[in-house]
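Colleague: Sharing a structure here in structure tokens format.
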Amino acid sequence: MRLSRRHLLAGSASVIAAPAHLRAQSGPWPNRPVRIINPYGPGGTSDIMVRPLAEKLERAFGRPFIIENKPGAGGSVGTASVASERPDGHTLLVTNTGPLAVAPTLFRNLAYDPRRSFSYIAMLGGAPILCAVKGDSPHRTLADYLAAAKREADSITFGSSGIGSAGHLTGSLFGIEAGASLLHIPFRSAAEAQQSILGGNTISLWDSASPQVEAVKAGLLRGLAITSAQRVAALPDVPTVAEAGFRAVTSTNWFLLAAPAGLDAQVVEKLRQVVGENNAEAATRTRLNNAAIVDLGAPPPAEIQSFVASEGERWGRVVRTAGVQPG
């Protein structure tokens, strides 16, 4: 069942602290198909990361790992749907910066708590944010883009994967640092944001670089800046925001694998082992490098929990400073 915004924002103690009978793990795992909830539409960075991983998990455990896309509210709808599931290992979640580090500040009475609602399993990788315009845009550099934005407030529109997504907040952070007012246009996925630019309905996007790489290479989009600390091999001609003088905008849209809180530790370790093997394969590294996805290592669950909390503090400040509203 797709959660409405009303359900998403309706706080529920049963989600935050699941009863003991829901935390229990019964029988061997997995004993039926496993769902992997992707809180974004098809074609985005999460799809690039999780689809090959799902195939690897199927081979490792002999059960189907079925990806279900549940977009909405910058990834928070699908993320919330997992928080209320049984922690029996048959519902997993691929999620990222927006739902875990932005949404807790953006949405009041959010129906999950990143500190308590999930068992964190493994980091999947990180995608820098790309600022891009249509290939034939008059804005050839980030300086051109900024000059146009400063000439008239809200004249420069930018799309992202949704309200509260990493792209949305990074575009807002750029506006703060640059002293310019940009108008955000939320979409349900990176693919929708891209199509709006190509159709001439939106001037720019701030979103994960991965889904935009091929469009930039084909000249359909022009990358103005990327938020990685260094240029990425997949887009070597796109300068970093630091090169343009905006080092504070440097960021990575990180992705991780999680499950409802209370997942059995042995199941966590089984999953971590397969994720680690997958990330270490040369074919995986080549595929992720080509998609401008960076390796974030293999921190243990406790370190992931601390990392999510620190990112929540960083992006929470941006939400408050930019005055971002749920819409």
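Colleague: Taking the condition of being under 23 Å from the mean Cα position of the chain (by Cα) and buried (at least 24 other Cβ atoms within 10 Å of the Cβ), how many residues in the stretch 141-168 meet it?
Modeller: Within the stretch 141-168, the subset under 23 Å from the mean Cα position of the chain (by Cα) is 157-168.
Next cut, buried (at least 24 other Cβ atoms within 10 Å of the Cβ) only: 158-168.
So the answer is 11.
Colleague: Exactly one of these conditions fails for Gly297: (1) outside the structural domain of Ser161 (by TED's automatic domain parsing); (2) surrounded by 14 or more Cβ atoms within 10 Å (Cβ to Cβ). Give me its number.
Modeller: (2)
Colleague: Collect the residues in the stretch 246-273 that are in a loop (DSSP other than H, G, I, E, B) and either within 24 Å of Leu224 (Cα to Cα) or of a type in the set (Ser, Thr, Tyr) (or both), keeping them in residue-number order.
Modeller: Going through the stretch 246-273, the residues in a loop (DSSP other than H, G, I, E, B) turn out to be 246, 250-252, 261-264.
Selection gives Phe246, Thr250, Ser251, Thr252.
Colleague: Still on this structure, I have one more. Considering only residues that are under 22 Å from the mean Cα position of the chain (by Cα) and either among the small types (Gly, Ala, Ser) or outside the structural domain of Asn96 (by TED's automatic domain parsing) (or both), which ones fall in the stretch 256-277?
Modeller: The answer is Ala258, Ala259, Ala261, Gly276.
Colleague: Go through the stretch 277-320 residue by residue and tally those that are in contact with a helix residue (DSSP H, G or I) (Cβ under 6 Å, 6 or more places away or on another chain) and not in a helix (DSSP H, G or I).
Modeller: Within the stretch 277-320, the subset in contact with a helix residue (DSSP H, G or I) (Cβ under 6 Å, 6 or more places away or on another chain) is 278, 284, 291-293, 298, 308, 311-312, 315-316, 318-319.
Subsequent filtering for residues that are not in a helix (DSSP H, G or I) retains 291-293, 298.
Total satisfying the criteria: 4.
Colleague: Keeping to the stretch 195-211, report how many residues are more than 20 Å from Gly78 (Cβ to Cβ) and at pLDDT below 95. So that I can check it myself, show each step before the final result.
Modeller: Taking the stretch 195-211 as the starting set, the residues that turn out to be more than 20 Å from Gly78 (Cβ to Cβ) are 195-206, 209.
Checking which are at pLDDT below 95 leaves us with 209.
Selection size over the stretch 195-211: 1.
Colleague: Failed condition for Gly171, given (1) under 24 Å from Leu93 (Cβ atoms); (2) surrounded by 24 or more Cβ atoms within 10 Å (Cβ to Cβ); (3) not basic (Lys, Arg), with all others met?
Modeller: Against the list (1) under 24 Å from Leu93 (Cβ atoms); (2) surrounded by 24 or more Cβ atoms within 10 Å (Cβ to Cβ); (3) not basic (Lys, Arg), Gly171 comes up short only on (1).
Colleague: Does Glu177 satisfy the condition of being out of contact with any Asp or Glu (no Cβ under 8 Å at 6 or more places or on another chain), at pLDDT below 95, surrounded by fewer than 24 Cβ atoms within 10 Å (Cβ to Cβ) and at negative phi? Give the steps one after another, and end with the answer.
Modeller: Working: out of contact with any Asp or Glu (no Cβ under 8 Å at 6 or more places or on another chain): yes; at pLDDT below 95: no; surrounded by fewer than 24 Cβ atoms within 10 Å (Cβ to Cβ): yes; at negative phi: yes.
So Glu177 fails the test.
Colleague: Now for a separate question. May I ask you to verify whether Ser76 is assigned to a helix (DSSP H, G or I), closer than 22 Å to Val213 by Cα, touching a residue at least 12 places away in the same chain (Cβ under 8 Å) and out of contact with any Lys or Arg (no Cβ under 7 Å at 6 or more places or on another chain)?
Modeller: Details: assigned to a helix (DSSP H, G or I): yes; closer than 22 Å to Val213 by Cα: no; touching a residue at least 12 places away in the same chain (Cβ under 8 Å): yes; out of contact with any Lys or Arg (no Cβ under 7 Å at 6 or more places or on another chain): yes.
For Ser76, the condition - assigned to a helix (DSSP H, G or I), closer than 22 Å to Val213 by Cα, touching a residue at least 12 places away in the same chain (Cβ under 8 Å) and out of contact with any Lys or Arg (no Cβ under 7 Å at 6 or more places or on another chain) - is not met.
Colleague: Now for a separate question. Condition check: surrounded by fewer than 18 Cβ atoms within 10 Å (Cβ to Cβ), in contact with a strand residue (DSSP E or B) (Cβ under 9 Å, 6 or more places away or on another chain) and either touching a residue at least 40 places away in the same chain (Cβ under 8 Å) or closer than 22 Å to Gly98 by Cβ (or both). Does Ala190 satisfy that?
Modeller: On the way: surrounded by fewer than 18 Cβ atoms within 10 Å (Cβ to Cβ): no; in contact with a strand residue (DSSP E or B) (Cβ under 9 Å, 6 or more places away or on another chain): yes; either touching a residue at least 40 places away in the same chain (Cβ under 8 Å) or closer than 22 Å to Gly98 by Cβ (or both): yes.
When the stated conditions are applied, Ala190 does not pass them.
Colleague: Continuing with the same structure: Starting from residues that are in a loop (DSSP other than H, G, I, E, B) and among the charged types (D, E, K, R), keep the ones in the stretch 42-73 and report whichever is farthest from Leu124 (Cα to Cα). First the steps, then the outcome.
Modeller: Just the residues of the stretch 42-73 that are in a loop (DSSP other than H, G, I, E, B), to begin with: 42-44, 62-64, 70-72.
Now drop any that are not among the charged types (D, E, K, R), which leaves 63, 70.
Working: Arg63: 21, Lys70: 19 Å.
Ranking the candidates gives Arg63 first.
Colleague: Give Pro39, Pro87, Pro64 a once-over and let me know the one that is buried (at least 18 other Cβ atoms within 10 Å of the Cβ), at pLDDT 95 or above and of a type outside the set (A, V, I, L, M).
Modeller: Numbers: Pro39 fails: at pLDDT 95 or above; Pro64 fails: buried (at least 18 other Cβ atoms within 10 Å of the Cβ).
It is Pro87.
Colleague: Next question. What residue, of Leu173, Leu130, is within 22 Å of Tyr40 (Cβ to Cβ) and either in a helix (DSSP H, G or I) or more than 21 Å from the chain's Cα centre (by Cα) (or both)?
Modeller: One residue alone meets the criteria, Leu173.
Colleague: Out of Ala242, Ala233, Ala215, report the one residue that is in a helix (DSSP H, G or I), of a type in the set (Gly, Ala, Ser) and more than 16 Å from the chain's Cα centre (by Cα). Before you say what the answer is, go through the steps one by one.
Modeller: Details: Ala242 fails: in a helix (DSSP H, G or I); Ala233 fails: in a helix (DSSP H, G or I).
Every option except Ala215 fails the conditions.
Colleague: Return the residues of the stretch 96-106 that are under 14 Å from the mean Cα position of the chain (by Cα), farther than 14 Å from Arg116 by Cβ and either assigned to a helix (DSSP H, G or I) or at pLDDT 95 or above (or both); say none if nothing qualifies.
Modeller: Thr97, Gly98, Pro99, Ala101, Val102, Ala103 - these are the residues of the stretch 96-106 that are under 14 Å from the mean Cα position of the chain (by Cα), farther than 14 Å from Arg116 by Cβ and either assigned to a helix (DSSP H, G or I) or at pLDDT 95 or above (or both).
The values are calculated or read from the model by the stated rules, or taken from the named source; none is laboratory data. Because the structure is a prediction, the values reported are computed rather than measured. For neighbour counting, all protein chains shown are included, and Cβ atoms are generated from backbone atoms with ideal geometry for every residue, glycine included.
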